[in-house]
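**Student:** One structure is given below, represented as structure tokens, and several questions about it will come after.
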Amino acid sequence: MKYIKELKKIEENIELLIESIKDEFTKKETKRLLNSGGKRLRPFFLLLATKGGTINKKCYEAAASLELLHTSSLIHDDIIDHGEMRRGVKTTVSIYGKEKAISIGSILSLFAIDNIISLGSEKASDAMVETLETLCLGELKQLDERYNFEINFYDYIARISRKTASLFALSCTMGGILSGSPQESIKKLHNIGFNIGCSFQILDDILDITSSEKETGKVCGQDIRGGIITLPYLLLMEKDPRFKEKILTTTHRSNKYKFDKLTNDVRKSSALGEAYGVSNLFLDKALRDLFTLDAIELKEGFISIIKKLYRKI
């Protein structure tokens, strides 16, 4: 497998970082969460982005820190969403409660931030701080929109841009910065990560509708039950007035059968195919920027990811 040595090195850096966490409780819980799985996509995106420059020790350290930063964001997401399962294991909040989960997530995020700052790259640190602000604003926006089912397509894209795509964009940006890529290439890498990130989130939102709990490790239809409306629901609302009426009369007090019916309606509709189409459009945007870059290995790596995400409709 290509990149196996580099990915192993990232994993080793993740393990070293975890071992250097001073709080034993946070260290133990971080190990449990990271051992439950995860694709290590953000570190992998950073790794691929370095192929336009020269990979070095700082790149591996940054990749490991980003995975811990991502893990901390998932802990906080589960607190807000009352998530009980993730990747087939119990969430931190479901085991230890809100107070301890908040503490663990906060310690872990500050630890990861401190490690990135310690790399000594002002550009990388500035990119991280800007992204964290975007992530927090995205979380606040999502909270404000909970059970507000009258949001539109552009509201949805703004949400996933802040909450998911921004961290993918940061991974690519930091890979470019730390490997010494030209500034123009770094801007394109940012856009590539952003657009793939948007596609990834749309596909994840579709998976929430189409997959079983066994496949995803969480309850099917969890988004809509938590008051978070995603693209497939929005697309069906646009074309089916009766479905729109059902959605708009749904509140946090509605029973699970109503939420299940909404999910089933979307599952049986053409809205899923249309959502796949929107995901593909973001991948097309990423490809356009990719084709303007000269680094062959970088292009091949990202094209391989895009091919896996692309859906025929």
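The values are calculated or read from the model by the stated rules, or taken from the named source; none is laboratory data. Worth saying up front: this structure is predicted, and the values here are computed from it rather than measured. A quick note on method: Cβ atoms are made from the backbone with ideal geometry, for glycine too, and the neighbour counts reach across all protein chains shown. The accessibility values were calculated without ligands, DNA or RNA, using every heavy atom of the protein model including side chains. Shrake-Rupley method; radii C 1.70, N 1.55, O 1.52, S 1.80 Å.
**Student:** Looking only at region 8-59, count every residue that is open to solvent by 50 Å² or more (accessible area, probe 1.4 Å) and either among the charged types (D, E, K, R) or over 18 Å from residue 91 (Cα atoms) (or both) and tell me the total.
**Tutor:** Of the residues in that region, 20 qualify.
**Student:** Here are some conditions: (1) within 24 Å of residue 17 (Cβ to Cβ); (2) out of contact with any Asp or Glu (no Cβ under 9 Å at 6 or more places or on another chain); (3) open to solvent by less than 20 Å² (accessible area, probe 1.4 Å). Residue 149 meets all but one. Which one does it not meet?
**Tutor:** Here residue 149 clears every test but (1).
**Student:** Would you be able to say whether some residue in region 261-275 is open to solvent by less than 10 Å² (accessible area, probe 1.4 Å), under 17 Å from residue 152 (Cα atoms) and assigned to a loop (DSSP other than H, G, I, E, B)?
**Tutor:** no
**Student:** Hey, among 202, 177, 196, 186, which residue is buried (at least 24 other Cβ atoms within 10 Å of the Cβ) and either at pLDDT below 95 or out of contact with any Leu (no Cβ under 8 Å at 6 or more places or on another chain) (or both)?
**Tutor:** Only one candidate passes the filter, namely 177.
**Student:** Name the helices (runs of 4 or more DSSP H) wholly inside region 46-165 in which the number of residues that are more than 18 Å from the chain's Cα centre (by Cα), closer than 30 Å to residue 252 by Cα and free of Cβ contacts under 8 Å to residues at least 12 places away in the same chain is 1 or more.
**Tutor:** In region 46-165, the matching helices (runs of 4 or more DSSP H) lie at 92-117, 122-145, 153-160.
**Student:** Hey, any hits in region 225-241 for a residue that's among the hydrophobic types (A, V, I, L, M, F, W, C) and open to solvent by 30 Å² or more (accessible area, probe 1.4 Å)?
**Tutor:** There is no residue in region 225-241 that is among the hydrophobic types (A, V, I, L, M, F, W, C) and open to solvent by 30 Å² or more (accessible area, probe 1.4 Å).
**Student:** Quick one: count up the residues across region 276-309 that are open to solvent by 30 Å² or more (accessible area, probe 1.4 Å) and part of a helix (DSSP H, G or I).
**Tutor:** Count: 15.
**Student:** Checking residue 312 against (1) open to solvent by 60 Å² or more (accessible area, probe 1.4 Å); (2) assigned to a loop (DSSP other than H, G, I, E, B); (3) farther than 28 Å from residue 238 by Cα, which single condition isn't satisfied?
**Tutor:** (3)
**Student:** Within region 78-125, take every residue that is open to solvent by less than 40 Å² (accessible area, probe 1.4 Å), touching an Asp or Glu at 6+ places or on another chain (Cβ under 9 Å) and of a type in the set (S, T, N, Q) and give me the one that is nearest to residue 212 (Cα to Cα).
**Tutor:** 91
**Student:** Residue 210 versus (1) out of contact with any Leu (no Cβ under 9 Å at 6 or more places or on another chain); (2) farther than 20 Å from residue 74 by Cβ; (3) open to solvent by 20 Å² or more (accessible area, probe 1.4 Å): which is the lone unmet condition?
**Tutor:** (1)
**Student:** Which one is nearest to residue 266 (Cα to Cα) among residues in region 211-240 that are modelled with pLDDT of 80 or more and of a type in the set (Ser, Thr, Tyr)?
**Tutor:** 233
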